[in-house]
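Here the structure comes first, spelled out in structure tokens, and everything after it is commentary.
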């Protein structure tokens, strides 16, 4: 199937699999381990999509933990219900909170956090329909492709 | 240690039904795969003998019965473990499959863990694949099997 999927790299991918389930409710859909117990490949599902969770496997595939906390992309989690409950669960699991839940001009409530190895995750729930005109007025941006 | 291939999905049925369908209807939802041929013959029909120590058999078109494995743990409706061997495995090699059924609300999360496939030696059963490619193909096959099981039976 066509679509976008992200691979996220960890120093300890097995710990990440457990943490992502506990914090975000992702479900392990596929895991390949070699005879030494190393993670060769994994897929964690959420809604209609999944992320691949893997080991650092080259000099250019690194966990933020190995590169001073830097991120060059983030994975965004879109949910249908109860962002505050999602936030509480992530926080209880040890997520480091970068931004508490707050309303955005485009009608979503969002928060932002880091997992134990420093990957940044954004989480969002649409709670209000906002017209393009209202979003432009609120943000001062010219908006194309508003849906 | 041994290699592991794990796949899981949810089915819209309670564990009792999910377990019964997995065991009782394997002949209907099973999908053979040329890479993981159980026998050199055309694929037959799979069936479990539903009890501790029962066999997993494949009945071929000519009436012959091939034993794929035996049930090593029989714990309905939550857990099933059986051995798995193909005719092209060395005689002493038995890989192992563990199936778990966990209630999640009104659904059941069904997971399969297939252990020991890295021990398949060079030769007919491996198709020249290195470990990781072999395990990936095995995982993809189990995903298709579980999808078929979900859509056909559970």
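If you average 1/r across every pair of different Cα atoms in chain A and take the reciprocal, what Kirkwood value do you get, in Å?
Result for chain A stands at 16.7 Å.
If one puts a single equal scatterer on every Cα of segment A:74-140 and applies the Debye formula without solvent, what log₁₀ I(q)/I(0) results at q = 0.29 Å⁻¹?
-1.24
Can you give me the angle between helix B:131-152 and the longest principal axis of chain B, using Cα atoms only, in degrees from 0 to 90, rounded to the nearest 10?
Tilt of helix B:131-152: around 40 degrees.
How many times 2.2 N^0.38 Å is the alpha carbon radius of gyration of segment A:8-50?
Against the empirical 2.2 N^0.38 Å value, I get 1.13 for segment A:8-50.
Please report, in cubic angstrom per residue, the volume enclosed by the convex hull of the alpha-carbon atoms of chain B.
Hull volume normalised by residue count: 105 Å³.
What ranking of A:97, B:68, A:120 emerges when the number of other C-beta atoms within 10 Å of each C-beta is taken as an exposure proxy, fewest first?
A:97, A:120, B:68
Rounded to the nearest 10 degrees, what's the angle between the helix A:83-92 long axis and the longest principal axis of chain A, both from Cα atoms, 0 to 90?
Roughly 30 degrees between the two axes.
Highest GNM mean-square fluctuation, chain B, Cα pairs closer than 10 Å: which of B:24, B:34, B:54?
Of B:24, B:34, B:54, the Gaussian network model singles out B:34 as fluctuating most.
For segment B:1-59, report the translational diffusion coefficient in µm²/s to the nearest whole number, using Stokes-Einstein at 37 °C, 0.692 mPa s, and a Kirkwood Rh over Cα pairs.
Answer, rounded: 241 µm²/s.
Roughly how far apart, in whole Å, are the Cα centres of segment A:30-56 and segment A:1-21?
6 Å
Give me D for the protein assembly as shown in µm² s⁻¹, whole number, from Stokes-Einstein with Rh from the Kirkwood sum over alpha-carbon pairs, 4 °C and 1.567 mPa s.
Answer, rounded: 59 µm²/s.
Can you give the helix-only mean residue ellipticity at 222 nm for the protein assembly as shown, where every DSSP H stretch with n ≥ 4 adds -39500 (n - 2.57) and the sum goes over all residues, rounded to the nearest 500 deg cm²/dmol?
Here the helix-only value at 222 nm equals -6500 deg cm²/dmol.
If I fit a long axis through the Cα atoms of helix A:13-24 and take the longest principal axis of the Cα atoms of chain A, what angle between them do I get, 0 to 90°, rounded to 10?
30 degrees
Using Cα-only point scatterers and the Debye equation, what is log10 of I(q)/I(0) for segment B:61-127 at each q in 0.15, 0.16, 0.24, 0.29 Å⁻¹, rounded to two decimals?
So the normalised log intensities work out to -0.61, -0.67, -1.02, -1.21.
Readers should treat all values here as calculations from the given coordinates under stated rules, not as data from a laboratory. Please read all numbers here as calculations on a predicted model, not as lab measurements. Reconstructed Cβ throughout: ideal geometry from the backbone, glycine too, with neighbour counts over all protein chains shown.
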